Amino acid sequence: MGTDIVVHFPSMPVSFLRHALLLALLAGCRTTSPTPPPPDPQVEELLQLLRAEPGDVMAMYDLAARYAVLGEKDASLRWIERLAELRWSFALEDADFGALAQTPEYRAVAARIAAFHPEVARSRPLFTLAQRDLIPEGITYDPSTDTFFVSSLRKRKVVAVARDGQVRDFTASGQDGLWGVVGMKVDVARRQLWVASCTSRSMENARPEERGRTGLFQYELRSGALLRKITLDNKPRPNLLNDMALSASGDVFVTNSERGGVSVLRAGAEALVPLVPEGTLPYPNGIALTEDGARLYVAHSRGIASVDLSTGQHTPVQAPSGTLLAGFDGLTLYQGSLLGVQNGPGRGRVVRFHFGADPTRVERAEILESGNPLFNMPTTGTVAGDTFVYIANSQLRRRGPKGELLPAAQLDETVLLQVQLQEAEARPPGGSARGAGLEAR
């Protein structure tokens, strides 16, 4: 016969027993707590920059934008508020902040920041390109024929624009294996056009296996014939030849944004060789060679580097307190001054840096254009005589909910603006501008 087992519980309230039973049942159903997601590497990198330099306003802007992309609304707004406290003088680019830009909290602080943005209106329209979905990035000028060349990221081609506004395709879409077209330079003496091309999510007919490939294409200006191309693969890491500068001897200097360096193709050589080693500069982009051929200025995400071509050594360009040197796209030299399109920190502006005896130290920063309603991520410009001609609205940030570029019907015609440089220089610094400093005060 079996043995009956009787368990005696001490007297306790019924509610306590029910609570204990409920806890036991829940414990039986509970699963292991989910592992928290790993830290976002971009956030960690930006926080590290801010720990090293707490006043790095560019890092604050990038961090606010990154948090917005990650859906961390409160964290993004905290950093935007911090920029407002510092009187950040760049109107926010709504496209950098995704869905957050539609919220009342964002709009309120964005309006406060926009009030600090300087308004400088010196530019006039030069050309309007009717093809709405070009998504232009680079521009260069041939003084011999008075022709401008504009690159197209989306259409994978180069268009030529005559002074009378007539537009023609210099290359057909995808011709010679072109990917998205970025920086370009005319070699006036040799009657050639150098083109940098890279795979891009912006370009038509992109193939996943090509991502991270890039190349230099050399064309004859008169006939448009391809003379040669030098391509780089995507192994073991992506490459991105972005912008270039040409020397009088025919050397081609080019930034590799993905690899963080600068390479040179010597005249007559068949391969690129390093000038600034890979991993040296954070996302190098615009590049300009001084008139004497002694140094290069290289824009990168944290500032501008000066490269001494006799030694290969690079040093950061210094500027007056509060002047922001980060976030430039194209760079161009004009009579010893440096022109740049600054589109990294917000809605964009065109700036001119004046140097003194020291070519690595900016003595004065002059805003040439800011607050222009046509601006939609301006990118690069070129000097034509005493005029700076630049792309006002690349529309690179105009994308749908999945990051796709908008269809042509939802885009605008491309506008090229011009600003007279001698006229601008004659004006007193900031003389016609409200809040014309570059600083985040």
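Out of region 281-298, which residues are surrounded by fewer than 17 Cβ atoms within 10 Å (Cβ to Cβ) and not hydrophobic (A, V, I, L, M, F, W, C)? Give the steps one after another, and end with the answer.
Applying the first criterion (surrounded by fewer than 17 Cβ atoms within 10 Å (Cβ to Cβ)) to region 281-298 yields 282, 291-294.
Correct list: PRO282, GLU291, ASP292, GLY293.
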When you look at GLY98, is it at positive phi, open to solvent by less than 60 Å² (accessible area, probe 1.4 Å) and assigned to a loop (DSSP other than H, G, I, E, B), yes or no?
no
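Being open to solvent by 10 Å² or more (accessible area, probe 1.4 Å), touching a Pro at 6+ places or on another chain (Cβ under 7 Å) and without any contact (Cβ under 8 Å) to a residue 40 or more places away in the chain narrows it down to one residue among SER301, SER263; which is it?
Numbers: SER301 fails: without any contact (Cβ under 8 Å) to a residue 40 or more places away in the chain.
It is SER263.
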With the checklist (1) within 30 Å of ALA59 (Cα to Cα); (2) crowded, with 19+ Cβ neighbours inside 10 Å; (3) in contact (Cβ under 8 Å) with a residue 40 or more places away in the chain in hand, flag the one item GLU119 doesn't pass.
(2)
Please enumerate the residues belonging to region 360-374 that are surrounded by fewer than 22 Cβ atoms within 10 Å (Cβ to Cβ) and farther than 17 Å from ALA299 by Cβ.
GLU363, ARG364, GLY371, ASN372, PRO373, LEU374
Filter region 355-374 down to the residues that are among the charged types (D, E, K, R) and not in a strand (DSSP E or B) and list them by number.
ASP358
Output the residues belonging to region 171-199 that are surrounded by fewer than 21 Cβ atoms within 10 Å (Cβ to Cβ) and part of a loop (DSSP other than H, G, I, E, B).
ALA172, SER173, GLY174, VAL188, ALA189, ARG190, ARG191
Out of GLU369, GLU363, GLU404, sole residue that is among the acidic types (Asp, Glu), more than 18 Å from ALA91 (Cβ to Cβ), modelled with pLDDT of 95 or more and out of contact with any helix residue (DSSP H, G or I) (no Cβ under 8 Å at 6 or more places or on another chain):
GLU363
Scanning region 138-155 for residues that are within 20 Å of GLU204 (Cβ to Cβ) and in contact (Cβ under 8 Å) with a residue 40 or more places away in the chain, the one surrounded by the most Cβ atoms within 10 Å (Cβ to Cβ) turns out to be SER151
Residues (more than 10 Å from TRP179 (Cβ to Cβ) and outside any strand (DSSP E or B)) located in region 212-222
GLY212, LEU221, ARG222
Please go through (1) in contact with a Phe, Trp or Tyr (Cβ under 6 Å, 6 or more places away or on another chain); (2) at pLDDT 95 or above for SER89 and return the number of the only condition it doesn't satisfy.
(2)
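Please state which one of PRO238, PRO208 is free of Cβ contacts under 8 Å to residues at least 40 places away in the same chain and surrounded by 17 or more Cβ atoms within 10 Å (Cβ to Cβ). Break it down into steps so the answer makes sense when it comes.
Values: PRO208 fails: surrounded by 17 or more Cβ atoms within 10 Å (Cβ to Cβ).
Exactly one of PRO238, PRO208 is free of Cβ contacts under 8 Å to residues at least 40 places away in the same chain and surrounded by 17 or more Cβ atoms within 10 Å (Cβ to Cβ), namely PRO238.
From the set of residues in region 156-169 that are open to solvent by less than 20 Å² (accessible area, probe 1.4 Å) and not basic (Lys, Arg), which is nearest to THR128 (Cα to Cα)?
First, pick out the residues of region 156-169 that are open to solvent by less than 20 Å² (accessible area, probe 1.4 Å): 157-161.
Narrowing the set further to residues that are not basic (Lys, Arg) leaves 158-161.
Working: VAL158: 16, VAL159: 13, ALA160: 13, VAL161: 10 Å.
Among residues in region 156-169 that are open to solvent by less than 20 Å² (accessible area, probe 1.4 Å) and not basic (Lys, Arg), the one nearest to THR128 (Cα to Cα) is VAL161.
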Open to solvent by 60 Å² or more (accessible area, probe 1.4 Å), within 18 Å of GLN342 (Cβ to Cβ) and in a helix (DSSP H, G or I) - does that describe any residue in region 70-84?
no
Can you tell which of ARG107, ARG112 is in contact with a helix residue (DSSP H, G or I) (Cβ under 6 Å, 6 or more places away or on another chain) and open to solvent by 60 Å² or more (accessible area, probe 1.4 Å)?
ARG112
Qualifying residue in region 223-240 (condition: in a loop (DSSP other than H, G, I, E, B) and within 18 Å of VAL298 (Cα to Cα))
yes
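The values are calculated or read from the model by the stated rules, or taken from the named source; none is laboratory data. In this text, all values refer to a predicted model and were calculated from it rather than measured experimentally. All Cβ positions, even for glycine, are placed from backbone atoms using ideal geometry, and neighbour counts span all protein chains on display. All accessible areas refer to the heavy atoms of the entire protein, side chains included, with ligands and DNA or RNA removed. Shrake-Rupley method; radii C 1.70, N 1.55, O 1.52, S 1.80 Å.
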